[in-house]
Structure formats: structure tokens, C-alpha cells
1. Add +1 for every Lys or Arg and -1 for every Asp or Glu among the other residues with Cβ under 11 Å from the Cβ of PRO135, and state the total.
2. What order do you get for THR120, THR3, THR112 when you list them from fewest to most C-beta neighbours inside 10 Å?
3. Enter the angle in degrees (range 0 to 90, nearest 10) between the Cα long axis of helix 154-167 and the first principal axis of the Cα atoms of the chain, meaning the one along which they spread out most.
4. Suppose each label sits 7 Å from its Cα in the direction of the beta carbon; what would the VAL98-SER217 distance come out to in nanometres?
5. With r defined as the distance between the Cβ atoms of SER208 and ALA180 and R0 fixed at 25 Å, what FRET efficiency is calculated, to the nearest 0.05?
6. Calculated from DSSP H runs of 4 or more alone, at -39500 (n - 2.57) each and per residue, what is the 222 nm mean residue ellipticity of the chain, nearest 500?
7. Taking 25 °C and 0.890 mPa s as the conditions, I'd like the Stokes-Einstein D for the stretch 3-216 in µm²/s, using the Kirkwood hydrodynamic radius from alpha carbon pairs.
8. If you stretched the chain out fully between LEU147 and TRP110, how much longer would it get, using 0.36 nm times the residue separation minus the C-alpha to C-alpha distance?
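Laboratory data are not the source of any read-out in this text; all were calculated from the coordinates shown. Note that the structure is a prediction, hence the values are computed from the model and not measured. With ideal geometry, Cβ positions are generated from the backbone for all residues, glycine too; neighbour counts draw on all protein chains shown.
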Amino acid sequence: MSTVARWARAEWGLLYATVRRALTANGLRAVPMTLGAVCLTAGLQFVQNQSWGYQLVQNTGAVRAEDPLWLALLRTPLSLFVPALDLPVWGALAQILVVFGIAEICLGWWRTLVIAYVATLAGTLYARVGIALGPHRPLGLPGADALIVDTGPSAAVVGLAVFLGWRYRAYVTAGVVIGAMVAEVLVKENLAGREHLAAIAAVLVMCSLSAARHRRSGRERAGAGSGLPPIHS
């Protein structure tokens with residue numbers, strides 16, 4: 001086996017085996033939530049491109065930093081599945097099918113949705129903080145960004161990719177995703193790039209919390225196995 005093959009097996013072997021086993025056993029039935037998300041995204045794309053549907057989608061799934069916070073929070077879950085008008089819809093559909101599908105198999109549908117929502121919400125909230133700070137402060141954003149429509153699955157996809165990389169020990173892959181998002185901000189300074197970094201930061205916090213919980217569970221099991229009382233913090 002070549003060095004590259006050994007590296008690929010060490011990096012993606014566990015992830016590949018998990019996905020392959022689920023798809024072999026159940027086919028597309030292994031990813032019902034993902035298929036529903038793809039259909040929802042395609043449907044929203046169709047509706048927002050109709051003269052009668054554009055404003056409907058804007059009113060229910062378009063988030064801007066200038067919106068009242070309560071309204072942005074109400075729209076954020078649906079905004080995740082509203083494709084950006086200036087990008088090809090097939091890109092959003094492919095991202096959801098591949099990344100959401102892998103995550104649904106490996107993490108379960110509800111964990112996938114939680115991580116996706118946290119990542120998207122982190123980007124949405126960061127935009128408000130950045131605009132409040134102003135363009136001349138670290139992490140600040142120009143006021144014009146308050147008018148940008150903030151939709152699409154990209155922040156959720158980035159967050160899920162990082163979480164999967166951490167959970168399945170594909171650390172190089174997770175590092176490449178993070179590095180690519182940093183490069184995006186350095187090369188093309190825009191709101192989307194900054195929000196991707198905010199999404200990554202939120203997911204890294206989730207990774208740390210999950211790791212701490214697993215360590216605590218391990219200590220409690222070790223204590224129970226040794227006849228000592230479990231450790232409570």
C-alpha cells in the first residue's frame with residue numbers, strides 16, 4: 001500500500017466505512033432528512049424565482065443584519081435552505097446532499113440539524129456584532145453589510161465538515177476546511193467569509209464541550225468500575 005493510500009485510509013477510513021455500511025444496508029433511506037432538505041431547497045429556489053413567490057421567500061427566509069433581532073431569529077432556520085440568488089442552485093443542492101448526508105449517517109438527523117443551525121446562527125449574530133463594532137475595529141464590518149441578504153447552507157456545511165473531521169479524526173481535512181475559509185477572508189474580504197469563520201468558531205466550541213463531556217463520562221465509568229463513587233463536577 002502506497003504512502004498516499006495509507007494516509008487516506010487513516011484520514012477517511014472510519015468515516016468511509018460508516019457511510020458505506022449505512023448506504024449499503026439502507027440506500028437513500030439512510031438519509032431521509034437530507035433528501036427532505038434537498039427537496040425543500042429546490043422548492044424554495046423555484047418559488048423565489050417566480051414573480052409571485054420572491055417576496056414570500058424574502059418575508060419568511062431572508063435574513064439581514066438590519067432586521068429586528070426577533071425577526072432574524074424567526075427566519076434563520078428557513079434561511080439555511082434558501083439558496084443565494086447570485087450563486088448557482090446546484091452548488092447548494094450538492095453541498096446539502098453530500099455534507100448533510102454524511103453528517104446524518106454519522107451523527108443522526110437531529111444532531112446534524114442542531115450543528116447546522118448553531119453554525120448558521122453564529123454567522124447571523126456575528127454580522128450584527130461586526131456592524132456594531134464598525135469597519136475600523138478588529139472583527140468589525142462596514143455598515144453597508146447590514147443590507148446584504150444572508151441565506152444559504154454554506155455556513156452550516158462548513159460547520160458540519162469541521163465537526164465531522166473532529167469527530168472521526170479526519171483532522172487534516174478539518175484543518176484544510178478551516179484554512180480555506182481563512183484564505184477566503186484574506187483574498188476576498190466579504191460578509192460571507194467572515195460568517196464562515198464565526199460558524200467555525202461556534203462549532204469548535206461545540207467540539208470542546210463534547211470532548212469535555214466524553215472525558216467526564218470516561219472518568220465516571222472508570223470510577224464505577226473501580227468501586228469508587230462517580231466523580232461529579
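1. Charge balance near PRO135 sits at -1.
2. With the sparsest Cβ surroundings first, the list reads THR3, THR112, THR120.
3. 10
4. 3.0
5. 0.70
6. Mean residue ellipticity, 222 nm, calculated: -23500 deg cm²/dmol.
7. The diffusion coefficient I find is 136 µm²/s.
8. 10.2 nm
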